[in-house]
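Bear in mind that the values in this text are calculations on the coordinates, not laboratory data. It should be emphasised that the depicted structure is a prediction, and the values quoted were computed from it without experimental measurement. Cβ sites come from the backbone with ideal geometry, for glycine too, and all protein chains shown count toward neighbours.
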Amino acid sequence: MEESEESKLELSDLPDELLVMIFDHLDVVGLKEASMVCSRWAGLAFSGRRMDRVLLKVDYTLHEPADYDKTFLESSRNYRHLQYAYSSEEMGLNYFLRLLGKFKNSIQTLKIWPSFFITLHQLQQILLELPDVQHLSVQSRICYDFERRNIPQEPFPVRSKLRSLLLDTEIGLQCDGFDIRTVAPNLACLDMDCDSQQALEVYTHFSGQLTSVGVFFKTDEYFLTFCELAFPLLEELDFYCDDQQMFDPTAVRTICRFFRNLTKLRRLTLRCNVSKEVIDSIASRCPELLYFSMKTDLLQANSLQSLGQLSKLKTLQLDGWMLDNVFQGCKPIPTLSSVRLVSTKVSDPLVLYDHLGNVAPRLRDLVLIEVDIDDDVLRFICDNFKHLKCLTLESCLMITDEGIKYISRLPVLRDLQLAYMDISGKTITSFLSNSIHYLSMLRCDMITDDDLLKLPVAFPSLQQLDITSCHRVSEDGIVRLRAVMPLCCIEDRLLTE
């Protein structure tokens, strides 16, 4: 018996409770597409916990402040994360304060991106509108407002819920009336320079409660004093200082002692070159480390041998020139699933990747950006890293069409990302892969519209395709591709960069 028309269930008939469960599994692009179906779907897609994935960008350098007023003051969405950019001294503050008033009870994150600076008074007015702000980022200098020097200044509001603060420069700490210790007494995350006595005092005050620190030393005046502080709860550290400090024998002893005390550290980013002695101290006393990123220009042979002690390490990023035997003697790290190599230059790449295969026997994600590899090295990778599920090649200019074909030897590869690569469309569509679900191409300028139409045959399991600034790809080509791949999510940004 045929099913009656009345009994057929349409997507529009799904109850809100079921739609919400579906929307929870969509990314922001998927939520945007769902919101265009109907007003009910729009209300559900951008509500509740899904708003945690949305950043509202208010940019007065691109649009008039009144345009945002007109658009968002009537919005029913409760935005939680807001980025505010402006270029003039006028900055449209009154417009922005009205916007904040609209969302004051929901805003948790505010990122301020002025082109020049922000005054203490302007920052104060903004914070007055945000009683529940949890994350504040000020990407500019905070300056005293001399035009208001004869006006009595109200104290800064205390924001007890503010847990994370980023200051592009600590110069604002020298302004009377702005004391982070009073404004944000419960701070847990602080990202700020440490090149003044005021900054050092702030770090000293919060050192016992901070779980995340991002610190940048432009000079070495306060560097060693900072390294004498104790951060017993620290889990994340983003660190930069002059390379010389990391190799001075007297300084190295203080630095090693500093890292040996960070026993709870889980993420470490060193934006400077370090000595083997420092790496050994980190590896021996930071057993919880999951993510480790470092510069490698000055590493010696066997410098990374001690990393084998990091039994929980999942992600390793190495940036810069290095010797091909830096991993020699390093024990396997079974948990190491992601490796990112940036600007890596070595005398014998095959030696490096052979050692890497031993160190990371279960490697699933490999990112190679501006690395010195050719077709033979890529063939070695594809023949020996059989667990790879994600591969990114960016600006690897020695790889030719012939080398790209070796990627088909990776049996479980799901994500393939290619950027700034001189490869032909014929090559990218010549090997068949049933495993690849996601393909991204950025500035692959030899790819054409006709090449795109061959993707369904080359990648029959493709679920998402991102095409960015591939100059021989047209909007018409994207339209035709969507017609032949209706189930694939295709994102095109043809005019960017």
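Summary table
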{"item": "Cβ crowding within 10 Å averaged over residues, with 317-330, 432-445 ranked highest first", "result": "317-330, 432-445"}
{"item": "Using a Förster distance of 30 Å, the FRET efficiency for THR269-ASP376 (Cβ separation, nearest 0.05)", "result": "0.40"}
{"item": "Computed label-point distance, nm, for sites ALA230 and ARG253 using a 7 Å Cα→Cβ extension", "result": "2.0"}
{"item": "For segment 54-187, alpha-carbon Rg relative to the globular expectation (2.2 N^0.38 Å, N residues)", "result": "1.01"}
{"item": "Flagged links, alpha-carbon separation over 19 Å, of LYS295/LYS389; LYS295/LYS345; LYS57/LYS102", "result": "LYS295/LYS389"}
{"item": "Relative contact order computed over the chain (Cα-Cα under 8 Å; 6+ residues apart), in percent", "result": "5"}
{"item": "Cα-Cα P(r), segment 299-393, percent of pairs per 10 Å interval", "result": "17, 56, 26, 0"}
{"item": "Cα-projected label distance for GLN125 with ASP67, points at 7 Å along beta-carbon direction, nm", "result": "2.2"}
{"item": "Using a Förster distance of 22 Å, the FRET efficiency for ASN434-LYS312 (Cβ separation, nearest 0.05)", "result": "0.05"}
{"item": "Helix-only CD estimate at 222 nm, as mean residue ellipticity for the chain, using -39500 (n - 2.57) per DSSP H run (n ≥ 4)", "result": "-7500 deg cm²/dmol"}
{"item": "Taking the convex hull of Cα positions in the chain, its mean projected area over all directions (nm²)", "result": "28.2"}
{"item": "Gained length - VAL412 relative to LYS386, 0.36 nm times residue gap less alpha-carbon distance", "result": "8.6 nm"}
{"item": "LEU127, LEU356 arranged by Cβ crowding within 10 Å, fewest neighbours leading", "result": "LEU127, LEU356"}
{"item": "Inter-label distance for ARG98 and LEU26, nm, one decimal - labels placed 7 Å from Cα along Cα-to-Cβ", "result": "3.1"}
{"item": "Gyration tensor over alpha-carbon atoms, segment 360-467, equivalent ellipsoid semi-axes in Å", "result": "20, 16, 12"}
{"item": "For segment 316-369 and segment 151-213, distance of Cα centres in Å", "result": "39"}
{"item": "Straight-distance crosslink candidates among aspartates and glutamates, where the alpha carbon sits under 18 Å from LYS264 and sequence neighbours closer than 8 are dropped", "result": "GLU228, GLU235, GLU236, ASP238, ASP280, GLU288"}
